[in-house]
Amino acid sequence: DPVDRLNPHGRDALLKTLEEPPSGSHLVLLADRLMSLPATLRSRCQLVRVTSTAAASSETPEIRAILDSVGQGRIQEPLALLQSSKLSRDAWQQLGMGLAQRLHRALQASLLGHAATRFPWAHQQQLCDWYRQTIQFLRALSGNTNAQLLIESLMIKIWQSRAGRSHA
């Protein structure tokens, strides 16, 4: 992070890993300048555009409250709020982007051996799985999908992990 700053030797090693990834692995590559990556790397990746942390400042207070509750493992309140409100596509996008950013920061802290302020009970594999599911949610928003059902399902998985009811 960011992959676009790798030197040529690092890019070659990454290419080898992308060509023959370890079984059951998911790699999340972050780049500020996508076009600076060689085409051989770009062609082996699924692109998901995530705006900068400035997107977090555009979160509505309602979205921020939902995301902060989820990050602390309190799911009942945000689920009730989501079920009672009609969110626009933009609001669903804000929710997905905010969740992706928070999960990314928690995963980064975990990988660096630091305590995470959000999702402190979660282990790295859970954070990776939730991040992947959040990216899938963001992709699904461009199609004809039930955004509420997707995000509620993910929130329930997070809550079950927090409550010690599941390891997914």
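Numbers for the structure displayed
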quantity: 0 to 90° range, to nearest 10: angle between helix 124-140 axis and the chain longest Cα axis; calculated: 80 degrees
quantity: Accessible solvent surface per residue of the chain, calculated while the other protein chains remain in place, 1.4 angstrom probe, Å²; calculated: 59 Å²
quantity: Estimated [θ] at 222 nm from DSSP helical runs (n ≥ 4, -39500 (n - 2.57)) normalised by residues in the chain, nearest 500; calculated: -17500 deg cm²/dmol
quantity: Relative contact order (%) - the chain, alpha-carbon pairs under 8 angstrom, separation at least six; calculated: 20 percent
quantity: Extension gain (nm, one decimal) between Glu77 and Leu34, 0.36 nm per residue minus Cα-Cα; calculated: 11.7 nm
quantity: Residue-level accessible surface for Leu27, protein heavy atoms, 1.4 Å, Å²; calculated: 90 Å²
quantity: For Ala122, residues with placed amide H under 5 Å, excluding near neighbours; calculated: none
quantity: Cα-based helix-to-principal-axis angle, 147-162 vs the chain, degrees rounded to 10; calculated: 90 degrees
quantity: Identified option (computed Cα extents along the principal axes in Å; candidates (1) 55, 37, 33; (2) 51, 32, 27; (3) 44, 37, 28); calculated: (2)
quantity: Helix 8-19 vs. the chain, principal-axis angle (Cα, 0 to 90°, nearest 10); calculated: 60 degrees
quantity: Residues whose placed amide H lies under 5 Å from that of Arg44, excluding near-sequence neighbours; calculated: none
quantity: Estimated FRET transfer efficiency (Ile156, Ser88; beta-carbon r; R0 30 Å; 0.05); calculated: 0.85
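The values are calculated or read from the model by the stated rules, or taken from the named source; none is laboratory data. Just so we're clear, the structure is a prediction, and the values are computed from it rather than from any experiment. Note that each Cβ is placed from the backbone with ideal geometry, even for glycine, and that neighbours are counted across all protein chains shown. Accessible surface areas use protein heavy atoms only, side chains included; no ligands, DNA or RNA. Shrake-Rupley method; radii C 1.70, N 1.55, O 1.52, S 1.80 Å.
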